[in-house]
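**Q** Please see the structure below; I have some questions.
The values are calculated or read from the model by the stated rules, or taken from the named source; none is laboratory data. Everything numeric here is computed off the predicted structure, so don't read it as measured data. Glycine gets a Cβ as well: all are built from the backbone with ideal geometry, and neighbour counts include every protein chain shown. Side chains included, ligands, DNA and RNA excluded: accessible areas come from the protein's heavy atoms. Shrake-Rupley method; radii C 1.70, N 1.55, O 1.52, S 1.80 Å.
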Amino acid sequence: MGNSLDSYKTLNEISSVISQTLDLEEILCSALEQVLQAVGLDTGGIYLHDEKSGSLTVAAQHGFKPDFIKEIDNLKTGEGFSGQVMESGQPLVIRDISQDSRLSRGVVTEAGLKSLAVVPLRSKQKTLGTLFLISRDLRDFDENEMELLIAAGQQIGVAVENAALFSAQQRRAEQFQVIAEVGRQITSIMEIDQVLEQVVKLIQKAFGYDHVAIAMLDGDYAVYQVGAGRLWEDPKFNFNPSRLKVGSEGVTGRVAASGQALYLPDVREDPGYVEMKGSGTLSELTVPIKVKGKVIGVLDTQSASRDAFDESDVMVLQSLADQTAVAIENARLYKQAQQLAVIDERNRLARELHDSVTQALYGITLHAEAAYRQLEAGNIELSNEQLVELRNTAQEALREMRLLIFELRPSVVEMQGLVPALRARLEAVEERAGMRVEMN
């Protein structure tokens with residue numbers, strides 16, 4: 001039996017562990033060991049409540065075999081002794097569990113276990129799980145022991161809450177890091193297909209979603225362009241269905257029509273869900289990709305686990321979708337700018353053809369006509385002068401044409417480097433123009 005001094009010592013030791021680490025597994029195992037030692041038992045455990053599934057899972061245990069833990073794991077709220085403590089938030093002591101109708105797992109009595117004490121793990125008026133101790137002999141838990149268990153339950157509850165907050169902060173930090181990394185990598189990409197491919201790969205790698213894909217709007221359909229995940233790694237995978245009708249087919253079609261994020265915690269409960277063949281998806285989160293308020297596509301994420309996403313996932317994915325929209329718009333503007341640059345260059349060449357070569361050809365025609373008339377009149381000397389002018393004008397026109405043709409060729413500088421570009425320039429223009437050139 002414990003006493004007040006032993007209880008204070010145990011609580012101080014638990015407090016010391018909690019203050020030194022935020023590793024939840026280490027906290028739970030150490031606290032359980034201290035409590036068991038204080039009351040003279042060697043069997044007990046800690047259940048933690050999973051809000052998404054509504055079940056209690058064994059997070060720490062001492063003195064039980066793995067097969068036994070498997071049998072008592074995953075209690076529903078209200079089921080069994082710990083399930084009732086989770087539901088009521090009140091301690092529970094049972095001298096002989098074999099005689100209690102609330103026993104839900106027969107393996108407990110088969111293992112020869114007798115007396116049980118269960119207390120809630122509490123933090124901020126909220127029950128986060130249970131601490132249970134169990135003996136192989138009939139025994140009574142005295143007042144001091146129960147006070148110790150209740151106080152330990154409160155300390156462990158606070159530790160669980162702190163560890164959860166720390167984990168959430170870490171996850172948010174990782175999410176913001178991914179947002180920054182995606183922004184850094186896609187802002188310099190000027191091809192839309194490359195932007196989409198990079199986004200899905202980064203998201204899938206960072207968060208481990210089973211499936212990440214982007215569908216772009218094409219008329220009345222959202223057409224999947226790229227994806228990442230287990231299925232996409234299979235070269236034989238054929239995305240099916242690859243297109244969904246906007247407004248009526250699947251989560252993707254609905255998000256494309258509404259422009260609002262949509263989350264299905266359990267796709268089996270949604271009559272409008274369209275299954276991706278071979279995926280095994282149980283939950284899906286899809287957010288719109290918008291440019292200037294108009295939906296141009298959707299970012300779709302899926303998980304093989306039920307209720308796998310939370311509010312932070314919605315926030316992060318929407319932020320990534322917004323970044324993707326900006327990158328897509330930049331790529332489109334860049335392509336338009338390139339097209340405009342080509343048009344401007346063509347217009348410039350057209351002007352130069354008109355201003356220089358066309359004028360030169362017109363001059364050649366005039367000199368040829370003048371030389372012909374002088375020959376008819378028998379003025380050989382004047383005719384020769386016109387022919388000399390004709391030749392000079394023709395050579396000038398030839399040089400202009402060669403320059404324009406050289407400018408129309410792909411950039412040799414970009415393709416081969418500076419030296420080959422200089423050599424090509426000399427061979428194409430200067431040398432053919434009769435200039436003596438040496439290149440060192």
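**Q** Using modelled backbone amide H atoms (1.01 Å from N, in-plane), which distant-in-sequence or interchain residues come within less than 5 Å of Ile296's amide H?
**A** HN-HN under 5 Å from Ile296: Ile289, Lys290, Val291.
**Q** Below 8 Å between Cα atoms, with a sequence gap of 6+, how large is the relative contact order for the chain in percent? Walk me through the numbers on the way to the answer.
**A** Numbers: 671 pairs, mean separation 39.3, N = 440.
Relative contact order comes out at 9 percent.
**Q** Over 27 Å between Cα atoms: which of Lys201/Lys294; Lys201/Lys292; Lys52/Lys290 fall into that group? Don't skip to the answer; put the middle values down first.
**A** Details: Lys201/Lys294 25 Å; Lys201/Lys292 25 Å; Lys52/Lys290 31 Å.
Beyond 27 Å: Lys52/Lys290.
**Q** Please compute the net charge surrounding Arg172, taking Lys and Arg as +1 and Asp and Glu as -1 over other residues with Cβ under 14 Å from its Cβ. Don't jump to the answer; show the numbers that get you there.
**A** On the way: positive: Arg171; negative: Glu174, Asp310, Glu311, Asp313.
Every neighbour counted, the sum reads -3.
**Q** Oh, and also: What are the semi-axes of the equivalent ellipsoid for the range 71-159, taken as the square roots of 5 times the Cα gyration tensor eigenvalues, largest first, in whole Å? Can you show the working numbers first?
**A** Details: eigenvalues 91, 51, 19 Å².
Ellipsoid semi-axes (Å, largest first): 21, 16, 10.
**Q** Can you give the angle from 0 to 90° between the axis of helix 380-408 and the longest principal axis of the chain, with both taken from C-alpha atoms, to the nearest 10?
**A** Tilt of helix 380-408: around 0 degrees.
**Q** Right, something else. Let me have the 222 nm mean residue ellipticity of the chain computed from DSSP H runs of 4+ only, each contributing -39500 (n - 2.57), with the sum over all residues rounded to the nearest 500.
**A** Result for the chain, helices only: -17000 deg cm²/dmol.
**Q** For the range 157-243, what are the per-bin percents of Cα-Cα distances with bins 5 Å wide, up to the bin holding the maximum?
**A** Reading the bins upward from 0: 3, 13, 17, 19, 16, 13, 8, 6, 4, 2, 0.
**Q** Here is a further query. Would you please report the Å³ per residue occupied by the convex hull of the alpha carbon atoms in the range 61-211?
**A** On the way: hull volume 22.4 nm³, N = 151.
With only Cα atoms used, the range 61-211 gives 148 Å³ per residue.
**Q** What figure, in Å² to the nearest 10, do you get for the accessible area of Thr57 with a 1.4 Å probe and non-protein molecules left out?
**A** 50 Å²
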